[in-house]
Amino acid sequence: MTVLYYTLGVVIFVVAILVSIALHELGHMFWAKKFGGKVTQYFVGFGNTIWSKKVGETEYGFKAIPLGGFVKIVGMLPPEKDSRETYVDEDGNEVERLRQSNTGMFTQLISDARAAEWETVKAEDSNRLFYKMPWWKKVIVMGAGPAVNIAIAFVIFGALFATYGNIGEPRTTPEVSGVQPCVVKYEEAGRACTADDPESPAQKAGLRTGDRILSFNGTTIGDDWDKLSDLIRDNGEGKAVIVVDRGGESKTLTTHTVVSDRPTSTTDETLEAVGFLGFVPTAEPTTGGLLYTVDTMGTMTVQTVEALVHLPSKVWGVGKAIVGLEKRDPEGPMSLVGGGRIAGETAAHEAFPVKEKLVMLLMLIAGFNFFIGMFNFVPLLPLDGGHIAGATYEGLRRGWARLRRRPDPGYVDVAKLLPIAYVVASAFLVMSLVLIVGDLVVPIHLT
């Protein structure tokens, strides 16, 4: 049964990501066609074609490697200025094409890319070429893909936060979820009690799982765990009168807290001698509506940008983990292979109820969609963000020329950036391979 659940989790994750990729490309295609552009291909995956069907002027299909997708929008690369020539095709139509260039390597790469692009252009496509679109239409077409991924993440996160809650941001309450039977050193937390370990104050007081602490030494607590924590820590070895709600009845318990070395805070592991009671509070997922979702995703945006900045060094760390030079960071990046593994382990985990498994799978899918969307907004070719940056620069340049009453400088020739795009694409390919190998050799496991 465990193998079945594991397989089901992987399948759910893979199908969800493939659907997300398909919707990403659909975002590009919809707006390209909406603005009169010509889309000749819509594919999910790369490599050899598994299945395809042509409907109208567009070929739809699936390819063998499900690690992405693409749409072919005619006229993405503009012809080089003053390098066009006209010839008459076999039907007697005048068709514009590019002159071939045989200069330097990079120039030749650009020339070859332009030629390949121009081979798909027909005489009737003259007014449907992507590079001729107004800059703002280009931004919408290229931004629609990653925007779809972020929208998917928003819908999933919003639904979960409003109903189940945000498991990534638990809200701690003064309800007892467990009582520690003895007092052990913080460094030894988790070990079993021995006869030499003193009984914990909470155990002596008779606290039980499910008790909700109402007041501590006469101070009303409400739902404020931080207030209760501060009161306990400041109590030293003093007397503790605790009023709890137990099954709807109010009970008063009495004990003395003890002094024990504990961390200064949840973010500071520095130990200090403080009052200690010895129970585990309840952590509940934080719930919230639209504004909470927007605020949380805003924080996620900042964190994702920081993660993208450090991505090369993090991938380098994965590479070192592969060859055994260091342990893999459990909080580090992973590929879709690693995501599938986590999805499988989540579905197969015996300690998680079905509801929690579903929530965690949805959070994982939403998280990957959010990262895919943010990653594609990086302003580097060949990513969508590179085309958006080029179109935005074109708009600014044309607007500046109008303000200065200068001639229209025309479109921005993104083809000149292709050498950079090839380098960036190669770097992304290497990083992807490292992460995939890392997820196979030194995988991150669900804790």
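The values are calculated or read from the model by the stated rules, or taken from the named source; none is laboratory data. Model, not experiment: these values are computed from the prediction. FYI the Cβ positions are ideal-geometry reconstructions off the backbone, even for glycines, and counts take in every protein chain you see. Ligands, DNA and RNA are stripped out before the accessible areas are found, and what is left, the full protein with its side chains, is counted by its heavy atoms. Shrake-Rupley method; radii C 1.70, N 1.55, O 1.52, S 1.80 Å.
Report the FRET efficiency, 1/(1 + (r/R0)^6), for residue 287 and residue 354, where r is their Cβ-Cβ distance and R0 is 25 Å, rounded to 0.05.
Using R0 = 25 Å, I get an efficiency of 0.80.
Packing-wise, with mean Cβ within 10 Å as the measure, how do 352-363, 335-346 rank, highest first?
Result, highest mean first: 335-346, 352-363.
Please give the length that would be gained between residue 310 and residue 19 if that part of the chain were fully extended, namely 0.36 nm times their separation in residues minus their C-alpha to C-alpha distance (nm, one decimal).
Net length gain for the segment: 101.9 nm.
At 1.4 Å probe size, with no ligands or nucleic acids counted, give the accessible surface of residue 80 in Å², nearest ten.
90
Please compute the per residue accessible area over the chain with all protein chains in place, 1.4 Å probe, rounded to a whole number of Å².
That works out to 55 Å² per residue.
Between residue 55 and residue 261, what is the spin-label point distance in nm, taking each point 7 Å from the Cα along the Cα→C-beta axis?
The two pseudo-label positions are separated by 6.8 nm.
Over the stretch 1-76, with every protein chain in place, what whole percent of the accessible area is carbon and sulfur at 1.4 Å, could you tell me?
Accessible surface attributable to carbon and sulfur in the stretch 1-76 totals 71 percent.
Express in whole angstrom the spacing between the alpha-carbon centres of the stretch 14-54 and the stretch 338-401.
About 17 Å separates the Cα centre of the stretch 14-54 from the one of the stretch 338-401.
Given only helices, namely DSSP H runs of n ≥ 4 each adding -39500 (n - 2.57), what is the per-residue ellipticity at 222 nm of the chain, to the nearest 500 deg cm²/dmol?
-15500 deg cm²/dmol
Computing the accessible area with a 1.4 Å probe over protein heavy atoms, can you report the carbon and sulfur percentage for the stretch 351-426?
70
Rank these by accessible area, largest first, 1.4 Å probe: 132, 54.
The residues order as 54, 132, largest area first.
Within 10 Å, count the other beta carbons around each residue, average over each peptide in 181-190, 433-442, and list them highest first.
The most tightly packed comes first, giving 433-442, 181-190.
Under 24 Å Cα-Cα from residue 327, which lysines qualify once same-chain neighbours fewer than 8 residues away are excluded?
The qualifying lysines are 314.
For the pair residue 109 and residue 11, how long in nm is the line joining their label points, each one 7 Å along Cα→Cβ?
About 4.3 nm separates the two model spin labels.
Starting from the Cα of residue 122, step 7 Å along the direction of its Cβ; do the same at residue 303; then give the gap between the two resulting points in nm.
It is 5.0 nm.
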